[in-house]
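Here's the structure we're looking at; comments come further down.
The values are calculated or read from the model by the stated rules, or taken from the named source; none is laboratory data. What you see is a predicted model, and the numbers here were worked out from it, not measured in a lab. As a convention, Cβ positions derive from the backbone with ideal geometry for all residues, glycine included, and neighbour counts pool all protein chains shown. Heads up: the accessible areas ignore ligands, DNA and RNA and are worked out on the full protein's heavy atoms, side chains in. Shrake-Rupley method; radii C 1.70, N 1.55, O 1.52, S 1.80 Å.
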Amino acid sequence: MARILIIDDEEYIRSAVRSTLSDGGHEIREANDGESGLRMFRESRPDLVITDIMMPGKGGLEVIPEMREADSEVKIIAMSALGYDALPKAIELGANHTFELPFDPRALVEAVERLLGE
């Protein structure tokens, strides 16, 4: 069982990701913006973070390098419905994998399992 943090300003996306991963027995926490996501990250040290790229305030492209600097081993998945051009930048900044939204649930589960070594 892994600790997973979902950071997205859209509740329906957080809910969809949570539902997709809920059968895996993971401990899932959620944040609705980058600032609270970073706070939760520092407090709980998750094994994997799934973050949106485009959020009001601090977005994923700002959050990813801060998380990577704090924990070089954390696995990070970046997602975006609008910032397709930003997904390659997310990889440059330290994301392990990216998804365009809407995401394929099977592909997300497979990516999470692969990143967590399950």
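Tabulated data
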| read-out | value |
| --- | --- |
| Any hit, segment 47-54, residues being open to solvent by 10 Å² or more (accessible area, probe 1.4 Å) and either free of Cβ contacts under 8 Å to residues at least 40 places away in the same chain or within 14 Å of GLU66 (Cα to Cα) (or both) | yes |
| Hits in segment 39-56 (condition: assigned to a helix (DSSP H, G or I) and out of contact with any helix residue (DSSP H, G or I) (no Cβ under 6 Å at 6 or more places or on another chain)) | ARG39, MET40, ARG42, GLU43, SER44 |
| Residue that is farthest from VAL112 (Cα to Cα) [pool: residues in segment 1-38 that are aliphatic (A, V, I, L, M) and in a loop (DSSP other than H, G, I, E, B)] | MET1 |
| Extreme residue, least open to solvent (accessible area, probe 1.4 Å), among residues of segment 63-118 that are free of Cβ contacts under 8 Å to residues at least 24 places away in the same chain and of a type in the set (S, T, N, Q) | THR98 |
| Boolean, ASP47 is among the charged types (D, E, K, R) and more than 15 Å from LEU116 (Cα to Cα) | no |
